[in-house]
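Input: a single structure, listed below in structure tokens.
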Amino acid sequence: MGKGVLIRIEPVTDRAGLKEFIRLPWKLYHSDPHWIPPLLVERLHTFSQKNPYFQHARWQCWLAYRGQEPVGRICAQIDDLHLSRYQDQTGFFGLLEAEEEASIFHSLFQTVETWLQTQGMTNVRGPFNMSINQECGLLVDGFDSPPMIMMGHARPYYAHHVEQNAYEKAQDLLAYRIGVHFSFPPRVSLFLKKAKTSMHIRPLRRKYLKEDLAIIKDIYEEAWSDNWGFLPFTDAEFAEIGQQLKLLVKDDFVQIAEIDGEPMAMLVAFPNIHEVIRDLNGHLFPWGWLKILWRLKASYPRSGRVALMGVRKRFQSSPMGAAMAYGLIEAVREAVLRARIQHVELSWILEENKRMRHILESLGAEPYKTYRIYEKHLQ
């Protein structure tokens, strides 16, 4: 059954439909050498009531069919924490995937927009899978390499079809890449040497993991609170991040900068677990976990991602703030070198965050992927 056949949109209402929804990317990306099959158990957790996101959000997903064949999917979300903070009646879309056919995209967006309007929303923004604190943004540049851990991938034609449905750019999120054997410019090295007399940089303390996670969360929320679209993590959401850190991250991949004994900045890096799961085709069983654990021991990933970084507000425009940022980068660079990681991604960085972009570019980091957030006013 070919193109031109009427597209039918059906809500996902049961586990069978959810599995079909989750499995659709395997069909769409089978010829894309840079797509990484996600772990099915992780995708199922996304929609589980155990996902702490659903303590403050509601959602509905749909599949697009051509005859009996699934050819597209989309999800709509309403986040009560966002509405409470911004009072802007904005809902979200996410998990968008579809064959290259205009009618599929149009039908999916029309369905999402109608549902959001019935819930009282007047604006829609996305993609978010499911929130700004998870995978977000549509890849619009940088299709020639695989995504890093907790970052998305897309087909090159997606952006065109999103824009054809009257969605406009809200923000661009940049992913920077740098080889770990870079050298600090002489002026930065001198600046950092002088500043080190006033600050102390230390790794995560596994013995005091709960306390250090609370420090990281507190610094993040203060540092990012004025950024576009910011939402704080709930305690339950950050506890999940803590579990990921505990399982996947070496202590020295997390660094905290202190001044007079007070934590003032932090940086969190992850090994790129995508290298480890790539050939599992989404399946953990029967040997998936054993493969992952063995590979993390015997053949550590050669790439990593700096996923969280923040400096308390009082230092953000000061020389000491820049010094802490450079110092954290230096400490994590030494850690990833010991792990034999060869390059890292720093993501995501708001396009308008000139201060952080300047720091990264001064070290030789280059933007190599762009993820776009779109928005639309609902009539």
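Considering every residue within the stretch 47-59, establish whether at least one is under 28 Å from residue 281 (Cα atoms) and assigned to a strand (DSSP E or B). So far as the stretch 47-59 goes, yes, one or more of its residues are under 28 Å from residue 281 (Cα atoms) and assigned to a strand (DSSP E or B). Is the stretch 164-186 home to any residue that is in the same structural domain as residue 231 (by TED's automatic domain parsing), within 30 Å of residue 340 (Cβ to Cβ), assigned to a helix (DSSP H, G or I) and at pLDDT below 95? Within the stretch 164-186, one or more residues are in the same structural domain as residue 231 (by TED's automatic domain parsing), within 30 Å of residue 340 (Cβ to Cβ), assigned to a helix (DSSP H, G or I) and at pLDDT below 95. Can you find, within the stretch 158-188, the residue that is farthest from the chain's Cα centre (by Cα) among those that are hydroxyl-bearing (Ser, Thr, Tyr) and over 20 Å from residue 96 (Cα atoms)? Across the stretch 158-188, the extreme among qualifying residues is 183. Residue check: is residue 24 in a helix (DSSP H, G or I), hydrophobic (A, V, I, L, M, F, W, C) and over 25 Å from residue 100 (Cα atoms)? When the stated conditions are applied, residue 24 does not pass them. Scanning the stretch 106-135 for residues that are charged (D, E, K, R) and in a strand (DSSP E or B) yields 125, 135. Inspect the stretch 44-61 for any residue being of a type in the set (Val, Ile, Thr) and at pLDDT 95 or above and give the result as yes or no. No, that holds for no residue.
Checking every residue in the stretch 358-370 against the condition of being outside the structural domain of residue 215 (by TED's automatic domain parsing), touching a strand residue (DSSP E or B) at 6+ places or on another chain (Cβ under 6 Å) and assigned to a helix (DSSP H, G or I) gives at least one match. Out of 258, 222, one residue alone is part of a strand (DSSP E or B), over 27 Å from residue 29 (Cα atoms), of a type outside the set (A, V, I, L, M) and touching a strand residue (DSSP E or B) at 6+ places or on another chain (Cβ under 8 Å). It is 258. Picking from residues in the stretch 63-89 that are surrounded by 22 or more Cβ atoms within 10 Å (Cβ to Cβ) and not aliphatic (A, V, I, L, M), the one that is farthest from residue 23 (Cα to Cα) is 82. Can you say whether residue 7 is crowded, with 18+ Cβ neighbours inside 10 Å, within 27 Å of residue 123 (Cα to Cα), β-branched (Val, Ile, Thr) and in contact with a Gly (Cβ under 7 Å, 6 or more places away or on another chain), as far as the supplied structure shows? Answer is no for this residue.
Only residues that are more than 20 Å from the chain's Cα centre (by Cα), closer than 18 Å to residue 11 by Cβ and either buried (at least 21 other Cβ atoms within 10 Å of the Cβ) or among the small types (Gly, Ala, Ser) (or both) were counted across the stretch 90-112, and they come to 7.
Can you name the residue in the stretch 252-285 that is more than 21 Å from the chain's Cα centre (by Cα) and of a type in the set (Asp, Glu) and is also farthest from residue 210 (Cα to Cα) among such residues? Out of the qualifying residues, it is 279.
The values are calculated or read from the model by the stated rules, or taken from the named source; none is laboratory data. Predicted model, so just to flag it, every value in this text is computed and none were measured. Every residue, glycine among them, receives a Cβ derived from its backbone with ideal geometry; neighbour counts consider all protein chains shown.
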